[in-house]
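Structure first, commentary second.
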Amino acid sequence: MSSDDTEAMTELLGDPIVMAFYPAPKSRADAVKWILRNEHNYAAHGFGLWIVETHAGEFVGDCGLTWQTVSGVPRLEVGYHVLPAWQGLGLATKAAAACRDLARDLLEADELVAIVHPDNRASLRVAEKLGMRRIAEDHDGDIPVRVVLGMRLDR
């Protein structure tokens, strides 16, 4: 993800369907901040959210690994967002599974979580397909309740 992806990320993060479980869709300025945060994560950690595209180069969304604070504890999270036209095709699950495998095999992480709004059934299903189970609930600012799903990453 780089500044070259600003238009695509503005479309993704500004889409009311994609952002239905966030406080509100994000602006172009928010998309720029999102990209900058991921570029920082690449430099600091070697990973972040990446662009998801088809083999033909069509933009699908983003997916990747980020450090998130859950109840005051840093946890490695897999996150994913997919444009409505590409939802329901298993692409988020495929991308998130690749991130799970990266976390386990290359980063040698012991655990992976997904933080999901409790009404976001599609995202809950993706996490469950990865092998995650509900482990906690967390509260964070604008989002009153978040379900935390997690799994041990056995190597």
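The values are calculated or read from the model by the stated rules, or taken from the named source; none is laboratory data. The model shown is predicted, which means the values in this text are computed figures rather than measured ones. Cβ: placed from backbone, ideal geometry, glycine included. Neighbour counts: every protein chain shown.
Structure notes:
- When VAL126, VAL116, VAL148 are screened for being at pLDDT 95 or above and either under 16 Å from the mean Cα position of the chain (by Cα) or within 23 Å of GLY61 (Cα to Cα) (or both), only VAL126 passes.
- Scanning the stretch 98-126 for residues being in contact with a strand residue (DSSP E or B) (Cβ under 9 Å, 6 or more places away or on another chain) and either among the charged types (D, E, K, R) or closer than 20 Å to TYR42 by Cα (or both) gives a total of 13.
- Put simply, of THR6, THR66 the only residue that is closer than 24 Å to ALA97 by Cβ, of a type in the set (Ser, Thr, Tyr), surrounded by 13 or more Cβ atoms within 10 Å (Cβ to Cβ) and in contact with a Lys or Arg (Cβ under 9 Å, 6 or more places away or on another chain) is THR66.
- Residue list for the stretch 98-118, filter: within 16 Å of GLY64 (Cβ to Cβ) and surrounded by fewer than 18 Cβ atoms within 10 Å (Cβ to Cβ): ALA98, ASP101, LEU102, ASP105, LEU106, LEU107, ALA109
- Only one of the listed residues (GLU77, GLU39) is charged (D, E, K, R) and over 26 Å from PRO118 (Cβ atoms). That residue is GLU39.
- Total residues in the stretch 36-54 satisfying the condition of being surrounded by 19 or more Cβ atoms within 10 Å (Cβ to Cβ) and either touching a residue at least 60 places away in the same chain (Cβ under 8 Å) or basic (Lys, Arg) (or both): the figure is 1.
- Answer residue from the stretch 129-145, given it is assigned to a loop (DSSP other than H, G, I, E, B) and of a type in the set (Gly, Ala, Ser) and is modelled with the lowest pLDDT among those: GLY141
- Residue in the stretch 76-87 that is farther than 28 Å from GLU137 by Cβ and either of a type in the set (Val, Ile, Thr) or touching a residue at least 12 places away in the same chain (Cβ under 8 Å) (or both) present: yes
- Pairs with Cβ under 7 Å, 6+ apart, first in the stretch 55-69 and more than 15 Å from GLY90 (Cα to Cα), second basic (Lys, Arg) and in a strand (DSSP E or B): GLN68/ARG75
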